[in-house]
Amino acid sequence: TVFSFAPFKPLGSVGNGAMVVTPHDDIARRLRLLAGYGHDPDTNGIPAGHQRYVDEGYNAPLDGLEAALLAVKLPHLAAWTEARRRVAQVYHDGLRDTAARCPRFRPESKPTFRSYTIQVPRRDEIYAHLRRAGVEVVLHYTPPIYRHPVYGGQLLNSHALPVTDRLAEGLICLPVTPELTDDDTAYVLAELRAQLDL
């Protein structure tokens, strides 16, 4: 399992970072090598002051400042997560009878929201209106990843993904930060519903 500590994630820091949790010793060892320049920390039989690199790696440690900030924030994560879920439920309930398509979850699931992603008609128009109204709405997942230049059409069978394209055209992400008040969520819903009712 990978936990991202990017600034806008539920447990975000000031920079980028992540943590991997695995019960597999071989995977943990490999990840430590990759994150530490490929340097083997086992110094058995290596003269003092020498290092041994056994794989290609990266300079990817989580620095002390980031770790300290995360340690201060961690005790609040459960409460913040519940607050995010409450905001998401307010959106879900408030959009029930509109043209917006909200995410559905299994009853036993407990999502941890970074944003509340919905599908709306006239997405670009609604997005522009919400931004003008001061709502920190964002567009993620669009264009679909297979259309980005980095892949250059190289993903298997990705020359045309019409369902993916259709879904991406309507996606919009509503703010779901734990600091949002009841008045804030009511405002977001009022502005969004006014546009959906046009």
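In table form, for the structure just shown:
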{"item": "Subset of the stretch 62-100 that is under 26 Å from ALA18 (Cα atoms) and outside any helix (DSSP H, G or I) - its residue that is nearest to the chain's Cα centre (by Cα)", "result": "LEU62"}
{"item": "Residue list for the stretch 54-97, filter: modelled with pLDDT under 95, in contact with a helix residue (DSSP H, G or I) (Cβ under 8 Å, 6 or more places away or on another chain) and not assigned by TED's automatic domain parsing to the domain that holds PRO10", "result": "none"}
{"item": "Options ARG106, ARG114; residue that is at pLDDT below 95, exposed (fewer than 12 other Cβ atoms within 10 Å of the Cβ) and on the phi < 0 side of the Ramachandran plot", "result": "ARG106"}
{"item": "Yes/no for ARG122 being free of Cβ contacts under 8 Å to residues at least 40 places away in the same chain and not hydroxyl-bearing (Ser, Thr, Tyr)", "result": "no"}
{"item": "Contacts under 7 angstrom Cβ, first residue in the stretch 11-23 being under 20 Å from LEU34 (Cβ atoms), partner in a strand (DSSP E or B), 6 or more apart", "result": "ALA18/VAL2; ALA18/PHE3; ALA18/SER4; MET19/PHE3; VAL20/VAL2"}
{"item": "Any chance ARG104 is within 30 Å of GLU125 (Cβ to Cβ) and either of a type in the set (Lys, Arg) or assigned by TED's automatic domain parsing to the domain that holds ALA168 (or both)", "result": "yes"}
{"item": "Selection count where residues are surrounded by 10 or more Cβ atoms within 10 Å (Cβ to Cβ) and modelled with pLDDT of 85 or more, scope the stretch 141-178", "result": "19"}
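The values are calculated or read from the model by the stated rules, or taken from the named source; none is laboratory data. This structure is a prediction, so every number in the text was calculated from the model and none was measured. With ideal geometry, Cβ positions are generated from the backbone for all residues, glycine too; neighbour counts draw on all protein chains shown.
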